[in-house]
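The values are calculated or read from the model by the stated rules, or taken from the named source; none is laboratory data. Just so you know, these numbers come straight off a predicted model, no measurement behind them. FYI the Cβ positions are ideal-geometry reconstructions off the backbone, even for glycines, and counts take in every protein chain you see. With ligands, DNA and RNA removed, areas are computed over all heavy atoms of the protein, side chains included. Shrake-Rupley method; radii C 1.70, N 1.55, O 1.52, S 1.80 Å.
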Amino acid sequence: MVSLTDFKYMRPKSFDELLSHLIKYGNDASVLAGGTDLIPRIKMGLKRPKVIISLSAIDSLLYMQQADKTFRIGALTTICELQHHPIIVENYPALYEAALLTASENIRLRATVGGNIMQDTRCIYYNQFREWRASFKPCYKNGGDHCNAVKGGKRCFATFCGDLAPALISIGASICLMSKDGDREISLEKIFTGDGINPFSLHRGELLKEVIIPFSRTVGGYKKLRIRSSIDYPLASVALSSDQKEKGRFVVGAIGPRPLTYEFSAYKALRPLAEKAYEDATPAANMSLSPLYRKRMIRVFAGDLLRSIVD
């Protein structure tokens, strides 16, 4: 791990100032929230921003509140705060379990909801020290024309490994993006491009403002595959949420550049959906466990979650 490179540090105190910086500096800037993902990437030489824009003075992005028929979560809300909120604990088991299983307690105290959703994709050949990466050909994500994970691969297979996004998608979450042009609200799953290099469909100068979830009581849960019982990113994950009428979503994460989403209107449809998800999953050899093992665990997790809501 190397020392931080030189950069200009900006700490805006208002939305107007923040959005002006985002427009002015564009791709030369990185946004700093909790820093649990960004700082290690800078130290590894994966990111070399000329400007870091800190959100630490934007207190208006830190909130959780019920509004009409929705529950809104500010982007700077920490995962620890999310995990302990009574509305989350009582009504959204998939989201609660995803928050609880994210990293470790000390990381959850700093890591933010927005940062976990908008984290960059990962690959065992890419997320390494500069000296380690130098032993391989430059990959697509590192500016090259080669995939080190998939022999002969014609695209980047880097994987999105966030915990919260699959759970949020399972409960029908949308997000609000803010910019100088105003706010833009879209369903969370539509923010993902499916491109391992540029995984999010953000416009220039846009920033995640809040997460919006329908206010309702759900059943379900979240399962993740990891080697260590704390800290590790998911190597495969499954989120399941259903309302009281057996209508909901089944979401598979950490097997590609975006989560896979399946909707159902009755529990009897879940087993066929789980088999479809198993068939659809094509994880690459870019994590510390084999693609086949990660693929098979989707079926195992789906069975566990189905039994938890039917029994």
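What segment 49-184 shows is 42 Å² of accessible area per residue, with the surface traced by a 1.4 Å probe over protein heavy atoms.
On the accessible surface of the chain, probed at 1.4 Å, how many percent belong to carbon and sulfur atoms? Let's see the in-between values first.
Values: 7550 of 14530 Å².
Of all accessible area on the chain, carbon and sulfur atoms account for 52 percent.
Note down the magnitude of the dipole of segment 172-214 about its Cα centre, charges +1 on Lys and Arg C-beta and -1 on Asp and Glu C-beta and zero elsewhere, to the nearest 20 debye. If you can, show how the numbers build up before the last one.
Working: 5 positive and 7 negative charges, 19 e Å.
For this selection, approximately 100 debye.
Placing a label point 7 Å from the Cα of His84 along the Cα-to-Cβ line, the residues of segment 51-69 whose backbone N sits under 17 Å from it are 62-65. What separates the Cα centres of segment 248-311 and segment 81-114 is a distance of 22 Å.
Over the chain, what relative contact order in percent results from Cα pairs under 8 Å that are six or more residues apart?
Numbers: 665 pairs, mean separation 52.3, N = 311.
Averaging sequence separation for qualifying contacts and normalising by length gives 17 percent for the chain.
Can you tell me how much longer the chain between Glu279 and Arg48 gets when fully stretched, taken as 0.36 nm per residue apart minus their C-alpha distance, in nm with one decimal?
Working: separation 231, 0.36 × 231 = 83.16 nm, distance 3.85 nm.
Stretched out fully, the Glu279 to Arg48 stretch lengthens by 79.3 nm.
Toward the positive end of the charge dipole of the chain, with +1 on the Cβ of Lys and Arg and -1 on the Cβ of Asp and Glu, the farthest Cα among Ser265, Gly303, His84 is that of Gly303.
Tally Lys/Arg at +1 and Asp/Glu at -1 over every other residue whose Cβ is under 12 Å from the Cβ of Gly144; what's the total?
On the way: positive: Arg133, Lys137, Lys141; negative: Asp145.
Result for the neighbourhood of Gly144: +2.
In this calculation the C-beta distance from Arg110 to Arg307 is compared with R0 = 30 Å, giving a FRET efficiency of 0.30. If the chain linking Glu131 and Ala57 were pulled fully straight, counting 0.36 nm for each residue of separation and taking away their Cα-Cα distance, it would gain 23.0 nm.
Which distance in Å, rounded to a whole number, links the C-alpha centroids of segment 143-167 and segment 1-79? Value for the Cα centre distance between the two parts: 24 Å. Using the Cβ of Tyr25 as centre and a radius below 11 Å, the other residues enclosed give a net charge of +3, where K and R count +1 and D and E count -1. Pairs of Lys residues in segment 114-227 are counted when their Cα atoms are under 18 angstrom apart and they lie 8 or more places apart or on different chains; the count is 6. Residue-normalised convex hull volume from the C-alpha trace of segment 50-100: 106 Å³ per residue.
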